[in-house]
Each structure stands twice: as structure tokens, then as C-alpha cells.
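A short write-up of the structure that comes next.
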Amino acid sequence: MNNEKPEPVVRTGKVGPDLGVPALVVSGFLGAGKTTLVKHLIADAQQQGLKLAVISNEFGELGIDRALLQEEGGPGYVELEGGCVCCQLSGELLNTLQNLWETIRPDRVVVETSGVALPFETLLTFWREPVTEWVGESLAVVVVNAEQVAQDRDLADTFEQQVSSADLVVLNKVDLVPPDSFGRLEDLLRDMAPGAPVIRSIQGNIDTTIVFPSVPMQGPTPNPKRKPELLPHAHEEFEAQVLSFPDNITPEQLIKQLQPLHALRIKGIINTSEGLKLVQGVGPRIDLSLPPANFPQEIIGRLISIRRKVDLIELSRYEK
């Protein structure tokens, strides 16, 4: 594993008729809706007959995101585990990008970071040889959970660093907050990311021509006001744990056991008394829905819970 961070570089841009392959870094805090947005980008590319390379980086090793994206992403989907693509896995990310270029020649590239990663540091990989030879414009799209902002939850440190380095901010889950709060939320985000456009979405459904325009010069451009410095961020603030639950637990019992944990993010597939359920928890909100059609059987009955490292004692009784 290459644990060395790349040195900051200044990119001069492409010249000539070939503008290169457009690339996005989709970032955002835990539970913002990044995976849902990426699924939308995958479906759009498939509808247009375009080859999309997707690299997903999950915090934790249960592989829920792989279960949600792999079938839809096809041969252009790769998941990187065991670290964070903005630092510990920067070397693996570089090699994976180059391998995808050599094997499938993608028309577009999307890197979905974990919820604790910083988008600007991830963007630096696109500026390194040999990837910089074929990648065109690369942008940081930061997805924000509107409900989290409305409740003033976890808006400092990692969240602020992510938003401040955005080229485009997607204010997601706006259906969960009152419409009269939109202005305040957008003003707060613009204060964190001056110069970055803010667009609204529900379930990550955006007009994909905004991020992948048919004429590249008509889309978003790198935000000249974003913070380019490599800000320190502490992975030690967060910890992922796998929680196990018995079959046929009722949805009510499951939610009752999960809510007191106050996790930042919960995700997994549980065989409840009402059948298999995809469990998605963000802050105090816990939703149960139908799981994807095909997923690894070994992940059934387990959830990944991500919390700050403090106050983890109460989780131990659920550990496998």
C-alpha cells in the first residue's frame, strides 16, 4: 500500500481538440446521499450508451456500497477498502484509475469517497502521471444532507472541510426540511464554499448535464475560491463497527435498538419479521426499505455503524 500523500501540483489543463475524460469526485459527510447520486449517474450513462468508471471507497469493511452499486456499475465498478482514497489509498486509487483506462476506456469517471474523506486531496490523484494524460476536467461535487444542516448536526471539522473544497454543492434530501428553510441552508453553505453553485435534489436526482455537460465549457468549472491547501483531517475521530442482529427481529424492535446508539451512519441488510430490509440510518433518522435484487448472502444480518470514537462502550454488546 502506498501511504504517501501526493505533493500539491499546479495543473495547466489540456490543450488541443481532445479535452480528455471528464471526472468527478463525489464527496460529502456520512449519510449525505452520495451512493444514491452515483446510482443516478450510472443509470444516466447507461441510458446514453456511455461507459462510466466508478470507484467507490467505503469507510468500514462490510461492503454494503459494493452490494448497492456493483451490479449496476458492471465491469467499470471497483471498490477500494482498507483506508481512505484521499490519503492512505491514494496510490491504489491512481493505479485503479489507470487500469480502468487501459481496460474499458471510460467516457466518464466518478470517484465516490467515504464520508470522512476530503475531496480536494482526492482530486490531486487526477493531476498525477499517468492519469493526468487522459483525464480532462476534474471537479469536486459535495453532497449535503439538508436535514443535517437544518438540525445543525456535525457541521464543523470534516463537514466544513469537505464543503469548503467544493466546486459544486448538491443540497440533497430537501424533501425532509421545510421549504422556507432553503434560503438559510443555502446561505450557510455559500458561506462555507464561496463561489461554488448550490443546487437542490431529492434522492440524489440531479440534471446530469450540470456535471457532465455535452459542451464541457458550459458546465461547472473549478471553484477559484475553494480552499486548495491540504488541511489536516483526523480519521481517528471515527470508527466503524459491525453489529449483528438475529433473524425475524421486528422492524420496531430493530429501530428501538438502533436509535439509542446515536450513530452518525448505519447501513446494512437485516432479515426482519417482515422480510429482508435495507437499513439506512443517518443521525436520528432510521429508514427501512427493500434491498437490492442481488447482494452477497454473507452480509445479511449485519449492519455497519459509524461513530466518533468517543462513547462506544454501548456498542460492544452488538459486536459479532
Using the per-residue mean of other Cβ atoms lying within 10 Å as a proxy for protection, in what order, highest first, do the peptides 156-167, 134-145 fall?
-> 134-145, 156-167
At what distance in nm do the modelled label points of residue 48 and residue 293 sit from each other, each positioned 7 Å from its Cα along Cα→Cβ?
-> 2.4
Round to the nearest 0.05 the FRET efficiency obtained for residue 285 and residue 210 when R0 = 22 Å and r is the Cβ-Cβ distance.
-> 0.25
Quick one: which residues, 5 or more positions from residue 111 or on another chain, have an amide H under 5 Å from its amide H? H modelled 1.01 Å from N in the peptide plane, none for Pro or chain starts.
-> 24, 25, 26, 55
The base-10 log of I(q)/I(0) that the Debye equation returns for the range 266-312 at q = 0.25, 0.28 Å⁻¹, one scatterer per C-alpha, is -0.93, -1.07
Return 39, 173 ranked ascending by Cβ neighbour count within 10 Å, so the fewest neighbours appear first.
-> 39, 173
Which of 127, 101 has the fewest Cβ neighbours within 10 Å, and the rest in rising order = 127, 101
What full-extension length gain, to one decimal in nm, is calculated for residue 300 and residue 95 as 0.36 nm per residue of separation minus the Cα-Cα distance?
-> 70.6 nm
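Computed from the coordinates by the stated procedures, all read-outs in this text should not be read as laboratory data. Just so you know, these numbers come straight off a predicted model, no measurement behind them. All Cβ positions, glycine included, derive from the backbone under ideal geometry; neighbour counts span all protein chains shown.
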